[in-house]
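Trainee: I am attaching a structure below and will ask some questions about it afterwards.
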Amino acid sequence: MKKWLKSLALLVSVAVFAAGCSEGSGGGSADIAQEITVNAMSEPPDLDPALAMDTTSGWVLDHVFEGLYTKDENGNPVLGAASNVDVSEDGKTYTFTIRDDAKWSDGSNVTAGDFEYAWKRVLNPDTGSSFAFYLYYLKGAEAYNKGEGSVEDVGVTAQDDKTLVVELEAPLGYFDELLTMWTFYPVKQDVVEENSAWSAEADTFVSNGPFKLTKWAHDSEVVIEKNGDYWDSDVVKLDKVTYKMVNDATTYYQMYKTGELDLIQTLPSDVIDQEKDSEEYSEVPYFGTYMYMFNVDKEPFTNEKIRRAFTMAVDRETLTKNVTKAGETPAYAFVPEGVETPEGDFREAGGAYFEENAAEAKKLLEEGMEEEGWTELPEVSILYNTAENNKKVAESVQAMYKDNLGIDVKLENQEWKTYLDTTQQGNFQMARMGWIGVLVDPVVILDYYLGDSPNNRTNWVNEEYDQLMADAKVEQDPDKRYELLHQAEAVLMEDLPFNPIYHYTNNYLTSQNFENIVYPVNRYPYLKWAEKVSE
């Protein structure tokens, strides 16, 4: 099994095949129950494609829904619910034909109108979608979402049941990949409008993907089963996928070792060394950044020098080598490695924006306090969502602040769904967050800190940053586009509304009883082609 993917810049995802007893797909597995049990770690906060904003919910959604495009085994975008697409010469108009055999899990036909309804629902200000900004590439979308335009002006129109016309503000080279994101999935209008809580329980849930939701025992497990009405159901080997919700790393590791779980991720750090040589172990780059957000409206992080002091006082090398241990890369910027540009890798070209320096950090802290007229630093607490890795990182950072800055910070933790609500309301000073790019491009990482992004919980707004990002999105010259993105990242790293800690790597243990599980660099494992080949 592959331990590391050195060619991340050339890959969107990688398929890792566990060695099994059979020689090929389906061989010798006819009598084997096609079921797998994985660990989601926590309750999915929302399984409504318009409202989901986290990777746990996305993991389930990616299996029960399908967009106009989907991904193949190598992570390349291919047509999904659409059978054909015509693109205008100027690259601004896409005309999709919906498959004749595209079906909802209740057996009814998926139509072009389902996509039009779903996308306009995401953009409707009353929906409150945190990911509506991903649709701003559509003509008239941003104006409608911000209450400044009409829904009739949004560039998505169902001409008939099979024909969907999409108009963009400007050509977008990665539009096909963007459409694989769950925010662009269709929803069935009558199901949504008849029951506002349609996505909260399995018995009211209707979807169009390779699997369908059949059980949701809240805070315990989610079960999805093969969707016989899915147009490509012949390639789906698994009959059942069970997502357990076990947050304690020691517990889910033991469940894996006893066979109660077939796949786990984020291993306890104290077992990584002993598992690294196992054929069941793999490390996969994950296109995202682990960080602490600063609430720039909450003292002491109203002061830029104090934010920089807290950033420079963290020893990332020690943390990744001795605490997390899973091959993470220390982060001195926001965008991870993995984006190939005309200059080479975007991160290598941009370089580091700061260095760790305890003495300089202490000096900056003192200067910031003097600027604010503080003889004593306001009490500081770090909020994180409950997980063993988050706890260990927070405790390490807490110790570094004590050693390097002479500051005692408090630690607070909350369950994931509560944590999302708390941070969204801005009830924090410093809070852990991770951001994963929905596609391997700097723009989807940097979008996080747009002034009007609902995901930006720091209260930091910078007009220059927002303008550079807007310019980059319509720039057609690749060299100029990446230069604008470098400039935007430089503005972000100058103001530092966040403290980047490391760029992710995911580690997994996967039972050798399974083949054809795909491990993307920007999603959790994909099971559409997975097959159990031995007991």
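Trainee: Suppose the filter is at pLDDT below 95 and either surrounded by 21 or more Cβ atoms within 10 Å (Cβ to Cβ) or under 22 Å from residue 342 (Cβ atoms) (or both); does residue 522 pass it?
Mentor: Spelling it out, residue 522 is indeed at pLDDT below 95 and either surrounded by 21 or more Cβ atoms within 10 Å (Cβ to Cβ) or under 22 Å from residue 342 (Cβ atoms) (or both).
Trainee: Okay, next question. If you go through region 363-379, how many residues are assigned to a loop (DSSP other than H, G, I, E, B), closer than 18 Å to residue 295 by Cβ and acidic (Asp, Glu)?
Mentor: Count: 1.
Trainee: For the structure I just gave you, tell me whether residue 451 is surrounded by fewer than 16 Cβ atoms within 10 Å (Cβ to Cβ), of a type outside the set (Asp, Glu) and under 21 Å from the mean Cα position of the chain (by Cα).
Mentor: Taking the combined requirement at face value, the residue satisfies it.
Trainee: For region 322-335: of the residues being closer than 16 Å to residue 283 by Cα and part of a loop (DSSP other than H, G, I, E, B), which is most open to solvent (accessible area, probe 1.4 Å)?
Mentor: Among those residues, the one meeting the criterion is 325.
Trainee: Between a residue in region 327-339 that is more than 12 Å from residue 291 (Cβ to Cβ) and among the polar types (S, T, N, Q) and any residue that is open to solvent by less than 30 Å² (accessible area, probe 1.4 Å) and assigned to a loop (DSSP other than H, G, I, E, B), which pairs come within a Cβ distance under 9 Å, given they are 6 or more apart or on different chains?
Mentor: Close Cβ pairs satisfying both conditions: 329/336.
Trainee: Here's another thing I want to ask about it. Say we look at region 218-244 and pick out the residues that are in contact with a strand residue (DSSP E or B) (Cβ under 8 Å, 6 or more places away or on another chain) and among the acidic types (Asp, Glu); which of these is nearest to residue 38 (Cα to Cα)?
Mentor: Top of the filtered list is 221.
Trainee: Name the residues in region 145-172 that are free of Cβ contacts under 8 Å to residues at least 40 places away in the same chain and in a loop (DSSP other than H, G, I, E, B), would you?
Mentor: Selection gives 147, 148, 149, 150, 154, 155.
Trainee: Can you tell me which of 190, 219, 234, 203 is open to solvent by 20 Å² or more (accessible area, probe 1.4 Å), assigned to a helix (DSSP H, G or I) and farther than 16 Å from residue 106 by Cα?
Mentor: After applying the criteria, what remains is 234.
Trainee: Please specify each residue of region 55-82 satisfying the condition of being crowded, with 18+ Cβ neighbours inside 10 Å and assigned to a loop (DSSP other than H, G, I, E, B).
Mentor: 65, 66, 67, 68, 75, 80, 81
Trainee: Could you check residue 401 against (1) closer than 26 Å to residue 265 by Cβ; (2) of a type in the set (Phe, Trp, Tyr); (3) assigned to a helix (DSSP H, G or I) and say which number it fails?
Mentor: Looking at each condition in turn, residue 401 falls short on (1).
Trainee: Hey, residue 459 hits all of (1) farther than 28 Å from residue 70 by Cα; (2) in a loop (DSSP other than H, G, I, E, B); (3) open to solvent by less than 30 Å² (accessible area, probe 1.4 Å); (4) out of contact with any helix residue (DSSP H, G or I) (no Cβ under 7 Å at 6 or more places or on another chain) but one; which does it fall short on?
Mentor: (3)
Trainee: I would also like to ask the following. Out of region 83-121, which residues are over 28 Å from residue 145 (Cβ atoms) and open to solvent by less than 40 Å² (accessible area, probe 1.4 Å)?
Mentor: If the condition is that a residue be over 28 Å from residue 145 (Cβ atoms) and open to solvent by less than 40 Å² (accessible area, probe 1.4 Å), then 105, 107, 108 are the ones that fit.
Trainee: I'd like to check something: does region 109-125 contain any residue that is among the aliphatic types (A, V, I, L, M), under 21 Å from residue 85 (Cα atoms), part of a loop (DSSP other than H, G, I, E, B) and in contact with a Pro (Cβ under 9 Å, 6 or more places away or on another chain)?
Mentor: yes
Trainee: Condition check: open to solvent by 30 Å² or more (accessible area, probe 1.4 Å) and modelled with pLDDT under 95. Does residue 124 satisfy that?
Mentor: No; evaluated as a whole, the condition is false for this residue.
The values are calculated or read from the model by the stated rules, or taken from the named source; none is laboratory data. Please read all numbers here as calculations on a predicted model, not as lab measurements. Here Cβ is always computed from backbone atoms with ideal geometry, including for glycine, and neighbour counts include all displayed protein chains. For accessibility, only protein heavy atoms count, side chains too; no ligands or nucleic acids. Shrake-Rupley method; radii C 1.70, N 1.55, O 1.52, S 1.80 Å.
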